[in-house]
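Each reported figure results from applying straightforward, stated rules to the coordinates on display, with no laboratory input. Since the model is a prediction, treat every value here as computed from it, not as a measurement. Positions of Cβ are backbone-derived with ideal geometry, glycine not excepted, and every protein chain shown enters the neighbour counts.
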Amino acid sequence: MVHVYTGYTDDLKARYNKHQNGFVKATKHRRPLKLIYYEAYEAELDARRREVYLKGGNGKSALKMQLKEVLSLIDNKG
């Protein structure tokens, strides 16, 4: 099963480490984690707008479908 966490940060490495070390309630019970995708934006406003979209119905569905397709391709390659 694919679990998707969507969030904004200005320091990806530090945020990933917090998640990986169990300091984030939303992902603490799903460790170890694997970062498979991220998007970077110059403007914070653009990043926050994208986060809101991806957390909503259409954006969330589209992202999950895209990730499932990519992960199935990876699994099939062995």
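The table that follows gives values for the structure above.
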item	result
Count - residues of segment 31-48 that are more than 15 Å from the chain's Cα centre (by Cα) and among the charged types (D, E, K, R)	3
Search result, residues across segment 38-59 that are without any contact (Cβ under 8 Å) to a residue 40 or more places away in the chain and aliphatic (A, V, I, L, M)	Ala40, Ala43, Leu45, Ala47, Val52
Matching residues in segment 1-29 - criterion: being loosely packed, with under 11 Cβ neighbours inside 10 Å and outside any loop (DSSP other than H, G, I, E, B)	Lys13, Ala14, His29
Lone qualifier among Tyr41, Tyr53 - being surrounded by 12 or more Cβ atoms within 10 Å (Cβ to Cβ) and not in a loop (DSSP other than H, G, I, E, B)	Tyr53
